[in-house]
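Chemist: Have a look at this one before I ask anything.
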Protein chains: 4
Amino acid sequence: MTLTGYSLPLSPSGSSSSLTSPPWYFSGEVVMVDYRVDPAAAARFLPPELELGPDPGAAAAVFAEWQWCSESGAELEDPAGSRFSEFLILLGCSFGGEPMARCPYAWVDQAVPLMRGWVQGMPKQFGSVHLTRPVQVGRAGPRMAAGGRFSASLAVRDHRVAEVAVTLAEPAEPPHLHAVPLVHNRHFPAWVPGEKPLHQLVASEVRDVEFGPVWRGSGAFRLLPGADEDLASLAPVEVGAGYAFSYAETLVSGRRLG
Amino acid sequence: MTLTGYSLPLSPSGSSSSLTSPPWYFSGEVVMVDYRVDPAAAARFLPPELELGPDPGAAAAVFAEWQWCSESGAELEDPAGSRFSEFLILLGCSFGGEPMARCPYAWVDQAVPLMRGWVQGMPKQFGSVHLTRPVQVGRAGPRMAAGGRFSASLAVRDHRVAEVAVTLAEPAEPPHLHAVPLVHNRHFPAWVPGEKPLHQLVASEVRDVEFGPVWRGSGAFRLLPGADEDLASLAPVEVGAGYAFSYAETLVSGRRLG
Amino acid sequence: MTLTGYSLPLSPSGSSSSLTSPPWYFSGEVVMVDYRVDPAAAARFLPPELELGPDPGAAAAVFAEWQWCSESGAELEDPAGSRFSEFLILLGCSFGGEPMARCPYAWVDQAVPLMRGWVQGMPKQFGSVHLTRPVQVGRAGPRMAAGGRFSASLAVRDHRVAEVAVTLAEPAEPPHLHAVPLVHNRHFPAWVPGEKPLHQLVASEVRDVEFGPVWRGSGAFRLLPGADEDLASLAPVEVGAGYAFSYAETLVSGRRLG
Amino acid sequence: MTLTGYSLPLSPSGSSSSLTSPPWYFSGEVVMVDYRVDPAAAARFLPPELELGPDPGAAAAVFAEWQWCSESGAELEDPAGSRFSEFLILLGCSFGGEPMARCPYAWVDQAVPLMRGWVQGMPKQFGSVHLTRPVQVGRAGPRMAAGGRFSASLAVRDHRVAEVAVTLAEPAEPPHLHAVPLVHNRHFPAWVPGEKPLHQLVASEVRDVEFGPVWRGSGAFRLLPGADEDLASLAPVEVGAGYAFSYAETLVSGRRLG
């Protein structure tokens, strides 16, 4: 007889685990703005194994609204538990010449994806995230078409932290930073004095990546980082194109780097 | 110098009004199940001016996720204030031979549409409302197509109150109860002893009604009304077809009946 | 057979009314800062029947955390529905020589007190409200005693709007603006074209007013009103004493003025 | 140059860590009911190193509303981030003859204490938690005195899961299960295929434990566990005394057992 489960809470049969085991399936709507940061600031967010790569200072501000499920798909039967929204920052980087994206900050509005983020090394925090949705009929929302205007915002503990706006102009290819692997530091604090935290450099393994039609246009991005100077160091020095698209992936596991 | 505004709070310029003046524009996604109630129970929810009409006991359980804006469209720039979700019950009825729908109960998850409901006479209360969204790519959600499965739930003060599920089978016409005018009792309590509440029978005037492709299939609906026997009296005696569709309308004003 | 109830939703027995009928009982913890506004700005928030009174520009920023119940007390059995927090601004004024307080703005974090506010004419909107609570043991909170430090914040649609801080120094009398009657404009929009809104000037009738020990000290208050210039006109030109105290009252009805 | 911080997100200076490093200070109000479970069910929630101890089947249902801060106390300046509520189940057990308490399930309504729970091995999940607060004045709440009646509830994904009620009768000693050390399995999933999860048996080290006056009386406890049979196995076979009290502690670190 042993307590079992993929995650806490462990229980006799394992049925109480708050996280289901991977793979995890995601389908969502993304509103994203390319921007540039000071390359020296970006470099300070990379562990020693990573390099800035061929385009130093490339960054993106990514809002997304997701549905997710596990292998059984059972979560979709109860939408109170299968939707969440997210904001994250991406920095271009490379590992041994392979282009990757580093996520220095991420916020989600549900606890299960937050915990799942920590399992992967994705540094998710809790925030209030809102996005415009494209609509099919009527005036109360944009179409996924030229002229469609999308907005999104993040607040943390009742403070606004980030806002983006995108006005679509034309079909486009998927934006680079959303199409490369993510590389994370799994980091879980120690609790017993004298022990060391768990710490690993891993790339996320995904499959079944699918982009819906990608639209590109003008972008705007404001970062209002409050008192955190580290976050403030990633404010835009230049803002580039904006994008909106549907996206899906299956998140499978991690791959050790270094 | 007078205090002014469409609604409270009144202020010198009127800019503080928590409600914008109509028209109000809505675009959304609807998941709906036709069902039947005891006709005698439905009759008890009609004011004397209304009749049950040609199909006594016809009812619907309607979940919807909305975006809205006022004439300027400014609300869409800040999605933290321009989205809400809703659950409502509809009962078939008629006024002077005109087919209408009576909404005995409605719940929304944002305060502005709640207050706006009371202006119209729509009896909105606060609830936690969740719906599956159709997705364009990937496995984590239904397609708006045969086999697509949608779920939705309502909780009030942390108690589950209603759940629906719909599995789409085929294209269809818009369901009857979503296509007829709503008839409400505007009712606002008196506050000074001896005075009477405001009380009016009104039909809602809408324009620009637009349905996206309507899909129909099998439906399921559970009502878990807790201690409220009046709500319990509208539990399903039979459950009919389910529907999913996009819908838009512009809500303009009320029309007095009687 | 008639539909009945104190408020919407009306139902056969009246049991579905989302508001219980008054009297309503309140017990809470208040954190409050006296401040001064430009008297001309305050005057613009008074209807013609009211005057600024003997202390033009007197104002207060009041945070409170409440429990409430109706005559039966049944709400206290389910704390998911019997607690809320509130922020409001008060302006000193007088009616026919009687000192009163005008509430130009108020925010609450639950829908039932919001609706109840509109019944009284109190211009409640929805906001996210947080207060420090006094504690009995340990280090994680202030004592209701000299040196106790209390903070509170309001956010609306994920924007910070108001922040206060109070450091207690000494016992004191109840602050004036929390001890005089509130005077409101009940205002409910019309819906049928050509009709006029309901509009009445009323004072709130309360009984059983009870103050716990009142502590006074230094106060701080910031108003960050975003784009609303009417709200901005009530920003502090001077900040006075801060207070913390327990408070209870029974809200009974309205009294017509003028 | 290395990325640093107590927890994710790591950043150049460490200022972005979502968790502050311990010690963590807690002051709160507890509403708790002693109950008994099937001892065989309790045993199935113990790892092999633990025994049921001298009172097999002893259990408690514990609701608490907390304020917390780190060494600096800065969190108390912003109550939007320094309060949370919690529900947990405790089971009596022993390790090498030392009486301890096992927490098989816990829920909190804020993400930071949830993550902090996982660092300790406390199996916190996200839930909606509400408690009655004692009041000082008025009718809308209990006094911490004979006859005072407290209620509390937990909902998870909009389903009610637990409800307690306590009516105070007399002063008492602190309840046993709230006065012994907690023993947890720290468990953090692996992510790279072939690796093992982090897994440690630890007792929590606390200091500065302080109880306010403890009141005891009759208790009620309902567990509505939905589909999780493991949780259901801990439903009460007998319900004992209820308690309400203020409590504080400082949580310092973990101590390895075994």
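Chemist: Which of the residues spanning region B:154-181 are assigned to a strand (DSSP E or B), farther than 21 Å from B:S233 by Cβ and not β-branched (V, I, T)?
Modeler: Answer for region B:154-181, where residues must be assigned to a strand (DSSP E or B), farther than 21 Å from B:S233 by Cβ and not β-branched (V, I, T): B:A165, B:L168, B:A169, B:E170, B:P171, B:A172.
Chemist: Identify all residues within region C:164-178 that are of a type in the set (A, V, I, L, M), touching a residue at least 60 places away in the same chain (Cβ under 8 Å) and farther than 20 Å from C:L88 by Cβ; write none if there are none.
Modeler: Result: C:L168, C:A172.
Chemist: Checking the structure you have, find out if any residue of region C:186-206 is within 14 Å of chain D (Cβ to nearest Cβ) and within 25 Å of C:L50 (Cβ to Cβ).
Modeler: Yes, region C:186-206 contains a residue that is within 14 Å of chain D (Cβ to nearest Cβ) and within 25 Å of C:L50 (Cβ to Cβ).
Chemist: Moving on to the next point. If I go through region A:230-246 residue by residue, how many of them are in a strand (DSSP E or B) and among the charged types (D, E, K, R)?
Modeler: The total comes to 1.
Chemist: Okay, next question. Looking only at region B:218-229, how many residues end up being in contact (Cβ under 8 Å) with a residue 60 or more places away in the chain and either in a strand (DSSP E or B) or within 15 Å of C:P9 (Cβ to Cβ) (or both)?
Modeler: Summing the residues that are in contact (Cβ under 8 Å) with a residue 60 or more places away in the chain and either in a strand (DSSP E or B) or within 15 Å of C:P9 (Cβ to Cβ) (or both) in region B:218-229 gives 7.
Chemist: I've got another one for you. Provide a single number: the residues in region C:1-47 that are small (G, A, S) and free of Cβ contacts under 8 Å to residues at least 40 places away in the same chain.
Modeler: Just the residues of region C:1-47 that are small (G, A, S), to begin with: C:5, C:7, C:11, C:13-18, C:21, C:27-28, C:40-43.
This time we only want the ones that are free of Cβ contacts under 8 Å to residues at least 40 places away in the same chain, so: C:5, C:11, C:13-17, C:40, C:43.
Number of matching residues: 9.
Chemist: Spot the failing condition for D:H199; the list is (1) surrounded by fewer than 20 Cβ atoms within 10 Å (Cβ to Cβ); (2) assigned to a loop (DSSP other than H, G, I, E, B); (3) more than 18 Å from the chain's Cα centre (by Cα), and only one is missed.
Modeler: Of everything listed in (1) surrounded by fewer than 20 Cβ atoms within 10 Å (Cβ to Cβ); (2) assigned to a loop (DSSP other than H, G, I, E, B); (3) more than 18 Å from the chain's Cα centre (by Cα), D:H199 misses just condition (2).
Chemist: Name the one entry in B:G254, B:G258 that is farther than 28 Å from B:T132 by Cα and more than 11 Å from every other protein chain (Cβ to nearest Cβ). Show your work before the answer.
Modeler: Numbers: B:G254 fails: more than 11 Å from every other protein chain (Cβ to nearest Cβ).
On inspection, the qualifying residue turns out to be B:G258.
Chemist: Okay, next question. Quick check: is even one residue across region C:34-57 of a type in the set (G, A, S), in a loop (DSSP other than H, G, I, E, B), more than 19 Å from C:L234 (Cβ to Cβ) and over 20 Å from the mean Cα position of the chain (by Cα)? First the steps, then the outcome.
Modeler: Filtering region C:34-57 for residues of a type in the set (G, A, S) gives C:40-43, C:53, C:57.
Next, from what is left, pick out any that are in a loop (DSSP other than H, G, I, E, B): C:53, C:57.
Within this subset, residues satisfying the condition of being more than 19 Å from C:L234 (Cβ to Cβ) are none.
No: zero hits.
Chemist: Hey, could you check region B:90-114 for residues that are in a helix (DSSP H, G or I) and within 7 Å of another protein chain (Cβ to nearest Cβ) and say which is farthest from C:L114 (Cα to Cα)? Quick ask: steps written out before the conclusion?
Modeler: Applying the first criterion (in a helix (DSSP H, G or I)) to region B:90-114 yields B:111-114.
Still in the list and also within 7 Å of another protein chain (Cβ to nearest Cβ): B:111, B:114.
On the way: B:A111: 8, B:L114: 10 Å.
The extreme case among them is B:L114.
Chemist: Among the residues of region C:207-231, how many are more than 10 Å from every other protein chain (Cβ to nearest Cβ), in contact with a Pro (Cβ under 8 Å, 6 or more places away or on another chain) and among the hydrophobic types (A, V, I, L, M, F, W, C)?
Modeler: So the count comes out to 4.
Chemist: Let me ask something additional. Any residue in region C:242-258 that is among the hydroxyl-bearing types (S, T, Y) sitting within a Cβ distance under 6 Å of a residue that is outside any strand (DSSP E or B)? List the pairs, counting only those 6 or more apart or interchain.
Modeler: Once the first residue is among the hydroxyl-bearing types (S, T, Y) and sits in region C:242-258, its partners that are outside any strand (DSSP E or B) give C:Y243/C:P175; C:S246/C:G212; C:S246/D:Q136; C:S246/D:V137; C:T250/C:P23; C:S253/B:P193.
Chemist: Considering only residues that are out of contact with any Ser or Thr (no Cβ under 8 Å at 6 or more places or on another chain) and either touching a residue at least 12 places away in the same chain (Cβ under 8 Å) or buried (at least 23 other Cβ atoms within 10 Å of the Cβ) (or both), which ones fall in region B:129-143?
Modeler: Selection gives B:R133, B:P134.
Chemist: Give me the residue from region D:118-150 that is in a strand (DSSP E or B) and within 17 Å of the chain's Cα centre (by Cα) and, out of that set, farthest from the other protein chains (Cβ to nearest Cβ). Working first, answer last.
Modeler: Looking only at region D:118-150, we keep the residues that are in a strand (DSSP E or B), and these are D:124-126, D:128-131, D:149-150.
If we keep only those that are within 17 Å of the chain's Cα centre (by Cα) too, we end up with D:124-126, D:128-131.
Values: D:K124: 8, D:Q125: 5, D:F126: 3, D:S128: 5, D:V129: 9, D:H130: 4, D:L131: 6 Å.
The qualifying residue farthest from the other protein chains (Cβ to nearest Cβ) is D:V129.
Chemist: When you go through (1) among the β-branched types (V, I, T); (2) within 12 Å of chain C (Cβ to nearest Cβ); (3) part of a strand (DSSP E or B) one by one for B:V30, which number turns out not to apply?
Modeler: All conditions are met except number (2).
Chemist: Here is a further query. Could you grab me the full set of residues in region B:209-252 that are surrounded by 18 or more Cβ atoms within 10 Å (Cβ to Cβ) and within 30 Å of C:E195 (Cβ to Cβ)?
Modeler: B:D230, B:Y247, B:A248, B:E249, B:T250, B:L251
Chemist: On the given criteria, is B:P79 in a loop (DSSP other than H, G, I, E, B), within 14 Å of chain A (Cβ to nearest Cβ) and touching a Leu at 6+ places or on another chain (Cβ under 6 Å)?
Modeler: Against the criterion (in a loop (DSSP other than H, G, I, E, B), within 14 Å of chain A (Cβ to nearest Cβ) and touching a Leu at 6+ places or on another chain (Cβ under 6 Å)), B:P79 qualifies.
Chemist: Moving on to the next point. Can you confirm whether C:L46 is within 13 Å of chain B (Cβ to nearest Cβ), hydrophobic (A, V, I, L, M, F, W, C), buried (at least 18 other Cβ atoms within 10 Å of the Cβ) and touching a His at 6+ places or on another chain (Cβ under 9 Å)?
Modeler: Considered against the rule, which asks whether it is within 13 Å of chain B (Cβ to nearest Cβ), hydrophobic (A, V, I, L, M, F, W, C), buried (at least 18 other Cβ atoms within 10 Å of the Cβ) and touching a His at 6+ places or on another chain (Cβ under 9 Å), C:L46 comes out as no.
A short reminder: the numbers here are calculations on the coordinates, not readings from a lab. What you see is a predicted model, and the numbers here were worked out from it, not measured in a lab. Note that we place each Cβ from the backbone using ideal geometry, even for glycine, and neighbour counts take in every protein chain shown.
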